[in-house]
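Asker: Sharing a structure here in C-alpha cells format.
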Amino acid sequence: MSLDPARGYDLIGDVHGCAHTLERLLDRLGYRKQGDVWRHPQRMALFLGDIIDRGPRIREALHMVHAMVEAGQALCIMGNHEYNALAWSTPAPPGSGRHFVREHTPRHTRLIKETLEQFEGHPADWRDFLGWFYELPLFLDGGRFRMVHACWDSAMIAALRDMHPDGRINEAFVKAATDSSSFAGRVFDRLLRGTDLPLPGGMTLTGSDGFTRSVFRTKFWAEDPQTYGDVVFQPDALPDQVASQPLSKAHKSRLLSYGPQEPMLFVGHYWRRGRPAPIRGNLACLDYSAVMYGKLVAYRLDQESRLDPDKFVWVEVERPEVPQ
C-alpha cells in the first residue's frame, strides 16, 4: 500500500455501522460526495478498521468506505471485527474439533448479530464484502507514522511481513488461527485486540458492555509500570484493591513497550471517552465509542512528526429521535 507524501491524511477511528455520523464527519473534514464517493481535492481518509458490527447502518458504512477505497480516496486496515467476520464464516480445518474458525457461541453470535441481520436480504453483497476484507492489511507503515487497529508489535509485524509483505493475509492464514497458539492466532490477537493480562488471583470482572472477563487490556507503551493500575487500558477501571497490587514478575515480563521515540502510531479499538487528545506525543487512539453515543474522531495529519492536540476533529453521535 503506497502513501503519497504530498497528500494530507485524515485518520478515522472505529465506525461500527454509524454511517450517518461518518457522513457528518467527512463533511466537517471538507470531503464532498460526488456520485457514490466522498472525495477531497488534497486529502485522503485512512480508516483504522471496525467498520462493521453493533451500529444501525453497517451495510451503508461498508459501501461508503469501500467506494472511497476503490476510488483511491481512502485506505482501510483490518479491525478485529472484520477478522471476526472472516473467522465466523470460514470452516475450521478437519480434525480441529470445531465447525468454524470462530465458533458460533452465544457470545460471538451477539457480537456479529446486527451485521448478519442487516445483510440478511443481501447475501451476495455480504459475500463480496467478506472477499474485500482479505484486501484490508493488518497494519500500515507510512514511515513517519504507523497504523494498526490495536497494538504495534515490531517483532511480530516483521515476521508477518516476511510471509505477507503488504500485510494482507489469506484464507489459509485465517484457518491457521483456529489454533489460537499458532503464529496466525497470535498475530490476530496481538495486532487486532492488543495486549492483555489475566486478572490476579483468578478473579473475573463484568464490564459496562455486559461481558464477563478474566483478563484486562494493558497499555503497550507503559514505561516501568509497578502496579496493575499502571498498565490497565480499557473503559472499566480495575477495583482499587486490584489496581494497587504490584505487578508480578511473570506479568511484567509479558508487557510490550512502544517507545516515545518511535514514529507516530494511530490505533482504534479501545473505547475511549472524554475530549480526544494524544496519549503522548507519538501515540493516539481514535476510538471514542461512537456506537455508544460517544464521538467519531479523526486526526488531520500533515507533515508533523509529533501529534498536535489541536488537530483532532470529531462529531458527537446523536441519539435517534424518540418516536412520537
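Asker: Conditions first: (1) aliphatic (A, V, I, L, M); (2) within 23 Å of Arg272 (Cβ to Cβ); (3) out of contact with any strand residue (DSSP E or B) (no Cβ under 6 Å at 6 or more places or on another chain); (4) not in a loop (DSSP other than H, G, I, E, B). Ile51 passes all but one, so which condition is the exception?
Answerer: Here Ile51 meets the rest and fails (4).
Asker: Related question: Answer yes if at least one residue in segment 22-36 is in contact with a helix residue (DSSP H, G or I) (Cβ under 7 Å, 6 or more places away or on another chain) and assigned to a strand (DSSP E or B), and no otherwise.
Answerer: If we filter segment 22-36 for residues that are in contact with a helix residue (DSSP H, G or I) (Cβ under 7 Å, 6 or more places away or on another chain), which is where we start, we get 22, 36.
From what is left, the residues that are assigned to a strand (DSSP E or B) are none.
No, the conditions are met nowhere in segment 22-36.
Asker: For the list (1) out of contact with any Phe, Trp or Tyr (no Cβ under 6 Å at 6 or more places or on another chain); (2) under 20 Å from Lys219 (Cβ atoms); (3) surrounded by fewer than 22 Cβ atoms within 10 Å (Cβ to Cβ), I need the number of the one condition that Ser305 fails.
Answerer: Only one criterion in (1) out of contact with any Phe, Trp or Tyr (no Cβ under 6 Å at 6 or more places or on another chain); (2) under 20 Å from Lys219 (Cβ atoms); (3) surrounded by fewer than 22 Cβ atoms within 10 Å (Cβ to Cβ) is unmet by Ser305, namely (2).
Asker: Which residues, counting only those in segment 78-106, are in contact (Cβ under 8 Å) with a residue 40 or more places away in the chain and over 22 Å from Leu138 (Cα atoms)?
Answerer: Residues satisfying the conditions are Pro93, Ser96, Arg98.
Asker: Look at Arg319 and say whether it is at pLDDT 95 or above, farther than 24 Å from Arg193 by Cβ and among the basic types (Lys, Arg).
Answerer: It is false that Arg319 is at pLDDT 95 or above, farther than 24 Å from Arg193 by Cβ and among the basic types (Lys, Arg).
Asker: Ok, one more. When only residues in segment 168-182 that are hydrophobic (A, V, I, L, M, F, W, C) and in contact with a helix residue (DSSP H, G or I) (Cβ under 7 Å, 6 or more places away or on another chain) count, which is farthest from His149 (Cα to Cα)?
Answerer: Ala176
Asker: Between Arg59, Arg98, which is basic (Lys, Arg) and part of a loop (DSSP other than H, G, I, E, B)?
Answerer: Result: Arg98 is the single residue among Arg59, Arg98 that is basic (Lys, Arg) and part of a loop (DSSP other than H, G, I, E, B).
Asker: Something else now. So Arg107 clears everything in (1) of a type outside the set (S, T, N, Q); (2) open to solvent by less than 50 Å² (accessible area, probe 1.4 Å); (3) at pLDDT below 95 except one condition, right? Which one?
Answerer: Exception for Arg107: condition (2).
Asker: Where residues in segment 62-89 are open to solvent by 10 Å² or more (accessible area, probe 1.4 Å) and in a loop (DSSP other than H, G, I, E, B), which of them is nearest to Asp10 (Cα to Cα)?
Answerer: So, considering only residues that are open to solvent by 10 Å² or more (accessible area, probe 1.4 Å) and in a loop (DSSP other than H, G, I, E, B), the one nearest to Asp10 (Cα to Cα) is Gln73.
The values are calculated or read from the model by the stated rules, or taken from the named source; none is laboratory data. Keep in mind that this is a model prediction, so the values were computed, not measured. Note that we place each Cβ from the backbone using ideal geometry, even for glycine, and neighbour counts take in every protein chain shown. Surface accessibility is based on the protein's heavy atoms, side chains included, excluding ligands, DNA and RNA. Shrake-Rupley method; radii C 1.70, N 1.55, O 1.52, S 1.80 Å.
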